[in-house]
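Attaching a single structure in structure tokens format; questions to follow.
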Amino acid sequence: MFFGVKKYEKIRILGAGIIIIMLFLVASIVSDTRKEQVQGSFELYDPEKVRVVLPVVYYKLENGSIIRIHEKNPFPFSIKLSVRKATFPNSLTVYKIEKYKNPEKIFQIASKFGISPDKLYYNNITGAYLYHDSNITFEYETKTGFIRVVFKSPISSNLNGNITERALNFLKARGLLYMQNYTIKVVDYRKLNNSSSLKAVIVKPKLETFVVDNLGFAIVLEGDKIIRIEGVLPQKIVPIGRYEIKTIPESIKELEEKLRRGEPMRDWYISWMAFTEMNIQNITLTYRLNSEGYIVPVYNMHGTYMLDYKNLHEKGNITAMIVAIRIQ
């Protein structure tokens, strides 16, 4: 990650970095727009439940003094933009997901996977409905909408077409592909000896032409056989209101201020803090699901950084993100 390191000693004490973000979700048909009084916030991370801990980094200067970097960037720094002019909308809708709660509905979901259970187990602490037998395990978490189905004996998709077509048709046949717009790609699910026979088809919904970056469904296949399926299945996705989008210069200035003040990473994130210059080379706008169930527009920034301070000289890649909507 670092190049050109000279004349200094660096010790990294890695904290237990935890960023709990639900990875995959099937988006349902969006209901008619309705306004609601937002009780929570549009922060990316719940400050009570999720703590983002970056590595604690110590740099030793030539004079023997130690610099500790953790919650803010102590160096004089600047952030510059090296991308072509990007065009984004002036406003976007914020959405919220509603999860299934009714046991009868959970039975109906389970039946779509060929399960005819006599009973469902319910965990009062996690809010999860569970079922298992010799052929299948089933889990649905009412607090998050997360669903996981594991086929202990892989089942044939019995569908024609390539791997993406088989995965999509598997969802369609069970009435689970509620997305009208989506992206789809195939990735290696598990590698053994630099090869993989398992593939995961990742389906991510799009809202207003923008990808919901951390949501979607993962269907794992071995050949034409389905191994497992997991994601987040909401009962519905509800538009709650339209909000102005911050300009890119406004968002970069806000990122600089948060870095200097050492603000908690609640509505923003950066992968590395020790730099004197950050060069943003790519910016995208996507949606993300936060811990309170809101689907919020976010700027994603990718680029490089350089640390050039006294005897400290290094460089590497860096990423950052910040909530893109302006909240009055």
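What is the Cα convex hull volume of region 97-236 when expressed per residue in Å³? Let's see the in-between values first.
Details: hull volume 18.1 nm³, N = 140.
Cα-based convex hull of region 97-236, divided per residue, equals 129 Å³.
Can you tally the net charge around N123? Count Lys and Arg as +1, Asp and Glu as -1, for every other residue whose Cβ sits under 12 Å from the Cβ of N123.
Values: positive: K143; negative: E139, E141.
Neighbourhood net charge equals -1.
Could you check the simple spin-label distance between S197 and H70, using points 7 Å along Cα→Cβ, in nm with one decimal?
4.8
Next question, about the same structure. Assuming 0.36 nm per residue, please report the length gained on full extension of the stretch Q281 to N162 beyond their Cα-Cα distance. Each step should come with its number before you reach the end.
On the way: separation 119, 0.36 × 119 = 42.84 nm, distance 3.55 nm.
Answer, rounded to one decimal: 39.3 nm.
Once fully extended, how much extra length lies between N317 and T183, figured as 0.36 nm per residue of separation less the alpha-carbon to alpha-carbon distance? Present the calculation step by step, with values, prior to reporting the outcome.
Details: separation 134, 0.36 × 134 = 48.24 nm, distance 2.63 nm.
Full extension of this stretch gives 45.6 nm more.
In vacuum, with every alpha carbon of region 239-288 counted as one equal point scatterer, what does the Debye formula give for log10 I(q)/I(0) at q = 0.24 Å⁻¹? Two decimals, please.
Treating every Cα as an identical point scatterer, log10 I(q)/I(0) equals -1.21.
Let me know the charge dipole size of region 97-236 about its Cα centre in debye, to the nearest 20, where only the beta-carbon of Lys, Arg (+1) and Asp, Glu (-1) is charged.
Numbers: 20 positive and 13 negative charges, 14 e Å.
Roughly 60 debye for region 97-236.
Same structure again: Suppose each label sits 7 Å from its Cα in the direction of the beta carbon; what would the E256-V150 distance come out to in nanometres?
It works out to 5.0 nm between the two label points.
Moving on. Note the full-extension length gain between R242 and K143 as 0.36 nm times their separation in residues minus their Cα-Cα distance, in nm to one decimal.
Working: separation 99, 0.36 × 99 = 35.64 nm, distance 2.54 nm.
Computed gain between R242 and K143 is 33.1 nm.
Here is a further query. Under the rule a/c < 1.5 gives rounded, and otherwise a/b versus b/c splits prolate from oblate, where does region 209-295 land using the Cα gyration tensor?
Judged from the Cα gyration tensor, region 209-295 comes out prolate (a/c at least 1.5, a/b above b/c).
Bear in mind these aren't lab numbers, they're just calculated from the coordinates by the rules spelled out. Given the structure is predicted, the values throughout are model-derived calculations rather than measurements. Here the Cβ is made from the backbone with ideal geometry for all residues, glycine too, and neighbour counts use every protein chain on show.
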